[in-house]
Amino acid sequence: MKKKICVVTGTRAEYGLFYPLLKKIAAESGFKLQIIATGMHLSDKFGLTYREIEKDGFKIDKRIKILLYGDTDAGVTKAIGLGIMKFSDAFSGLRPDMVILLGDRFEAFAAAVAAFLAKIPIAHIHGGELTRGLIDDAFRHSMTKMSLLHFASAEDYKKRIIQLGELPNKVFNVGALGVDNIKNQKLLDKKRLERELNFDFGKKNVLVTFHSVTLEDNTSGAQFRELLGALDRFRDLKIIFTKTNADPGGAVINRMIDNYVKKNPQRAISFFSMGRLRYLSTIQFVDAVVGNSSSGIIEAPSLGKPTVNIGDRQAGRVMGDSVINSAAKKAAIVSALKKALSGPFSRRCKKTRNPYGRADAAENIIRILKREIPKIKSTKKTFYDLKVNT
């Protein structure tokens, strides 16, 4: 009897990370892949990105629409409540042997609560990480406590999961799935990419992704305004924006992007969703990745590109030496951009070592799932106490 492995995805970026693992689960003779699409995937406002999942040849078993109340704190709270109810019904019908969740978003948290209460084993990817500027930390660590298996992306994160009381023999440092995508996929050449984006690269180019900082009140617009002011100091710089996730404060950033592109049509363009292939292909041809997205920290180093990481959104993550941290102030961002775009730093980044693994995360996860799933008889857990010298 095949084991039913249910993967829940709610955003374009999350699906991109899941992609190599989904392929391997679907190809594994002892597993039956189930996919639940939710969140931004089902919103026309965010590009109906569930179509990318189907275009890649995967079947979506359930669609759970929970984005109903805008991008406010109250809206996210209501979406979580609605999500828990709908995931409960979905899991009751699909009856998976394991649910796999990634990261820290509210959609995944809702799925975790529903699976945990249904006594369905959970495997959690990217636990143990810190993003001190976000509400996501609380979601992520809560999901760790509801999960039986843990797939960390770095050794420091593995140690933190154990520090949270998880059994060491159920916590595995497998690396990051995002690195798998880069190493195992043929990226687009420059001419084809320019045609698909309808955008010509210039002498200097940056890819900008800036999300809201959800643990700070009403700062996202002010911080993004500082970034736009810094970009205006580089008048020959061409800019590709990717828009924000469905988070509190995200709508104001997207409006500012639209206005900026409208005023600078010759040098700026924006996308709600570039898709996995076009996004990674773009990174290889820009001179820097700019903003506060985890992709600048996890994926960009494997393509040898500098990252300007702005503000506190990613504070606490393990970072390679290709990442330049900057305060969310115009002068600091200008200084960081000058460094990132300089020849010496750019050349150094080509030799950087990515701390997030060697492009074998999906293979590692499959191997561990095959070994561990037959051992699971219950979702009961023991709290692992660290020995502390006093």
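A short reminder: the numbers here are calculations on the coordinates, not readings from a lab. All values reported here derive from a predicted model rather than from experimental measurement. So basically every Cβ, Gly included, is an ideal-geometry build from the backbone, and we count neighbours across all protein chains shown.
Say R0 is 25 Å: what FRET efficiency, to the nearest 0.05, do Val388 and Lys145 get from their beta-carbon distance?
E(calc), rounded to 0.05, equals 0.80.
Can you give the FRET efficiency for Phe234 and Ala315, using 1/(1 + (r/R0)^6), R0 = 22 Å, r = Cβ-Cβ distance, to the nearest 0.05?
Working: r = 25 Å, r/R0 = 1.15.
Given R0 = 22 Å and the Cβ-Cβ separation, E is 0.30.
In the stretch 92-235, what is the count of Lys pairs whose alpha carbons are under 18 Å apart, counting only pairs at least 8 residues apart or on separate chains?
11
For helix 250-263, what angle does its Cα long axis make with the longest principal axis of the chain, in degrees from 0 to 90 and rounded to 10?
Helix 250-263 sits roughly 30 degrees off the main axis of the chain.
Output the peptides 307-319, 252-264, 342-354, 176-188 sorted from most to least packed, where packing is the average of other Cβ atoms within 10 Å over each peptide's residues.
Values: 307-319: 22.8, 252-264: 15.8, 342-354: 13.8, 176-188: 20.2.
Going by the mean number of other Cβ atoms within 10 Å, highest first, we get 307-319, 176-188, 252-264, 342-354.
Put one equal scatterer on each alpha carbon of the stretch 188-349, apply the Debye formula with no solvent term, and list log10 I(q)/I(0) at q = 0.10, 0.13, 0.18 1/Å to two decimals.
Each listed q maps to, in turn, -0.31, -0.55, -1.13.
Using only the alpha carbons of the chain, what is the convex hull's orientation-averaged projected area in square nanometres?
Values: hull surface 77.1 nm².
Value for the chain: 19.3 nm².
R0 = 30 Å: FRET efficiency of Arg358 with Ala327, Cβ-based, nearest 0.05?
Given R0 = 30 Å and the Cβ-Cβ separation, E is 0.35.
Given 0.36 nm per residue, what is the gain on full extension from Glu54 to Leu117 after removing their alpha carbon distance, in nm?
On the way: separation 63, 0.36 × 63 = 22.68 nm, distance 2.96 nm.
Gain in length upon complete extension: 19.7 nm.
For the stretch 43-103, just say rounded, prolate or oblate: build the C-alpha gyration tensor, square-root its eigenvalues into a ≥ b ≥ c, call rounded for a/c under 1.5, and beyond that prolate if a/b exceeds b/c, oblate if not. Could the numbers behind the result be given before it?
Working: a/c = 2.19, a/b = 1.17, b/c = 1.88.
Cα axes put the stretch 43-103 in the oblate bin.
Express in whole angstrom the spacing between the alpha-carbon centres of the stretch 117-143 and the stretch 263-291.
Going from one Cα centre to the other spans 29 Å.
If I model a spin label as a point 7 Å beyond the Cα along the Cα-Cβ vector, how far apart are those points for Asp189 and Ser335 in nm?
Going by the 7 Å Cα→Cβ label model, 4.3 nm.
Residue separation times 0.36 nm, minus the C-alpha to C-alpha distance between Gln284 and Asp73: what's the value?
72.4 nm
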